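> Got a structure for you, questions after.
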Amino acid sequence: MHGTRLQIGALVGGLALALPAVGATSFFFEGDMVRGGTEKGLTGPACVLASQFKRGEAVVWRIRVRDPQGRDVDGTMVKSVTVKLADGQTFPARFGPHPKGKDTDKFWSTSWIVPADYPTGALSYTVIATAGDGTQHAWSPFKVAMSELTIIPGDVTFTK
């Protein structure tokens, strides 16, 4: 993406941090993936860190975007934040509190239910923040299969 020069700064507890290069206009990205629920129910505890998902499970991306001064970037500061899978699918994120309303922390989030016929294996993705001036700033996790979103074989059991 143009307008972006990033250096990876740290990987701590599932959070990846992208640091802007000296002189670059950029954003910091932090985030993780967790299990979410579907209309059928949950496949395990919700909002628990995960990178491996079975077909039918809900992948949820939670993303924090910060400006170079460390301030949260919300919908007034960028046009959009999107997760783009390697296969071209995109998922627009929304900025706000946790959907259950229990938390006061706000972040960008989006989700995807892995289709029943989706191929297994590692799947790379990119988080893209589009600034008000149209420039795009992107972050991707490490290109190491064990660190990427991975679709694994098996059946899921839903609980309500």
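> Tell me, which residue of the range 89-103 that is open to solvent by less than 40 Å² (accessible area, probe 1.4 Å) and not aliphatic (A, V, I, L, M) is nearest to Val127 (Cα to Cα)?
Here the residue is Phe91.
> OK, next. Within the range 33-59, track down each residue that is touching a Lys or Arg at 6+ places or on another chain (Cβ under 6 Å), within 18 Å of Ile152 (Cβ to Cβ) and open to solvent by less than 40 Å² (accessible area, probe 1.4 Å).
Gly44, Ala50, listed by residue number.
> Continuing with this model, one more query. For the range 62-84, indicate whether the set of residues that are at pLDDT below 90, among the aliphatic types (A, V, I, L, M) and open to solvent by 60 Å² or more (accessible area, probe 1.4 Å) is non-empty.
yes
> Sort out for me the strands (runs of 3 or more DSSP E) sitting completely within the range 51-160 that have 3 or more residues that are closer than 26 Å to Lys40 by Cα.
52-54, 58-66, 78-85, 90-92, 94-97, 106-113, 121-123, 149-152
> Next up: Taking Ala116 as meeting all but one of (1) over 11 Å from the mean Cα position of the chain (by Cα); (2) free of Cβ contacts under 8 Å to residues at least 60 places away in the same chain, write down the number of the exception.
(2)
The values are calculated or read from the model by the stated rules, or taken from the named source; none is laboratory data. Not measured: the values here are computed from a predicted model. Here the Cβ is made from the backbone with ideal geometry for all residues, glycine too, and neighbour counts use every protein chain on show. When the accessible area is computed, the model is the full protein with side chains, heavy atoms only, and any ligands, DNA or RNA have been set aside. Shrake-Rupley method; radii C 1.70, N 1.55, O 1.52, S 1.80 Å.
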